[in-house]
1. For segment 272-289, enumerate the residues that are of a type in the set (Ser, Thr, Tyr) and either modelled with pLDDT under 95 or assigned to a helix (DSSP H, G or I) (or both).
2. What are the residues in segment 113-150 that are in contact with a strand residue (DSSP E or B) (Cβ under 9 Å, 6 or more places away or on another chain), among the charged types (D, E, K, R) and surrounded by fewer than 17 Cβ atoms within 10 Å (Cβ to Cβ), if any?
3. For segment 165-181, state whether one or more residues are farther than 26 Å from Leu382 by Cβ, of a type in the set (D, E, K, R) and over 18 Å from the mean Cα position of the chain (by Cα).
4. Being in a strand (DSSP E or B) and farther than 27 Å from Trp385 by Cβ is the filter here; which residues of segment 407-445 pass it?
5. Mind checking which residues of segment 304-329 are touching a Lys or Arg at 6+ places or on another chain (Cβ under 8 Å), in a strand (DSSP E or B) and either farther than 15 Å from Phe234 by Cβ or free of Cβ contacts under 8 Å to residues at least 60 places away in the same chain (or both)?
6. List pairs: first residue in segment 385-397 and at positive phi, second residue not in a strand (DSSP E or B) anywhere in the structure, Cβ distance under 8 angstrom, at least six positions apart or on different chains.
7. Taking the conditions exactly as written (without any contact (Cβ under 8 Å) to a residue 12 or more places away in the chain and surrounded by fewer than 22 Cβ atoms within 10 Å (Cβ to Cβ)), does Asn235 satisfy them or not?
8. Here is a list of conditions, (1) surrounded by 16 or more Cβ atoms within 10 Å (Cβ to Cβ); (2) in a helix (DSSP H, G or I), and Ala265 meets all of them except one; can you say which number that is?
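The values are calculated or read from the model by the stated rules, or taken from the named source; none is laboratory data. As the structure is a prediction and not an experimental result, all values here were calculated from the model. Using ideal geometry, Cβ is built from the backbone for each residue, glycine included, and neighbour counts are taken over all protein chains shown.
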Amino acid sequence: LALSIFAILTGVRWYLSDGVAEPFYNAEKWIFLIFFFFFSPFIADGVCVFKCLLNRDTECCRVGKESILITLGYSSALLKFESPADLSSFSNTLKRCRNEKKESSVFSQRTEEASAVQYFQFYGCISQQQNMMQDFVRTATYHRAILQNHTDFRDKVVLDVGCGSGILSFFAVQAGARRVYAVEASSVAQYAELLVKNNHLSDKIIVVPGKIEDISLPEAVDVIISEPMGYMLFNERMLESYLHSKKWLKANGMMFPTFGDIHLAPFSDEQLYMEHYSRANFWYQQCFYGVNLSSLRGAAVDEYFRQPIVDTFDFRILMARTVKYTVNFMDSEEADLHRVEIPFVFQLTQSGLVHGLAFWFDVAFVGSLVTVWLSTAPTEPLTHWYQVRCLLHTPLFAKEGETLSGNVLFVANRRQSYDIQIVALINQTGFRSGNILDLKNPFFR
């Protein structure tokens, strides 16, 4: 794969030869030192531009901490970058471009291309960044967790995974961070760079476009910060990228958040159950503009019941104390999240129909000074994560004091989500029910 380098007097810009631009962070600050005659000049928009083509046979080597020497035939060019981080990013991409066969990254191996495109387009929208930033519980909790543990950030190197607008990176600098590498794979990285520049923090925050699985950093970091949680904690599989980033973490480093708890409890909600069935009743019609739709009613019921329901509810519908499953981000590996099984045993505190299981999560920021919690529980102020409920295909009648047991199985898929299998049993009666759900396709109630 050939690489074209365009060197402008005030900086260096590079592009893949197929015309798709992939600019580096701080690209406008790269300084070109020496050109030899082999690099052909031309004029573009009134600026003198030099162009050369690189391929996998091109000879190049690093010179010191901030320069790289490129040789073509009998001619050479020395590129000097403003910082080791700039050089590291350029070298990393140059190596990938020179490979005869481009190796797929960890992210690409686990993710369908169509899903990744949709995902990064979604998070590349300023409106979506605004939606998350305006979640007061989310943003204020991160701000409090970082600022109240300022000793963990003062004079430290920080990695912000999936930085989005860069808001967490700004918090880290406010807490005294010496340098922050803000990694963002979506197009919103350009807006993060603009915010950094306009807030006069280019010497502190370095925006690194790219996936954490693909990028390279010039140094290890003391602290990793991120907001990787999705619906039911696991959705979007961003937690795996968060765990992957530990390859850059020093041995005694810290992670914010530090661990996450997913909570589940049985609930009774006849209205919700009937609403779901009513949605499918549309397909009961035998004369819809002269067309009999009834043959699709069964398929409609199956599809609707495969949808986890994203909404909020009164905690009094819960029929037992919660069961908690903990993921320690400091200790867990990516593979641990490919298959997550949560067994449960509930002692029911009221009689009635069990219509399904309700889920929410908490995450903890364990700092040296204080531990701060972010909770999405139904008893706490509402967040953009809401809560999630999964219906059983058939409700289970149970009496107060009886036991509901079973398990929930999360199996990761290549659509950046999970297939969920629920099996539930009333031990005293032997009544059993369950469901298989698609977390990628929730119903927003």
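1. Scanning segment 272-289 gives Tyr273, Tyr277, Ser278, Tyr284.
2. Listed by number, the list holds a single entry, Arg144.
3. Within segment 165-181, one or more residues are farther than 26 Å from Leu382 by Cβ, of a type in the set (D, E, K, R) and over 18 Å from the mean Cα position of the chain (by Cα).
4. Hits for segment 407-445 are Leu425, Ile426, Arg432.
5. Correct list: Ile309, Asp311.
6. These pairs meet every condition: Tyr386/Tyr231; Tyr386/Thr312; Tyr386/Thr376.
7. The answer is no for Asn235.
8. (2)
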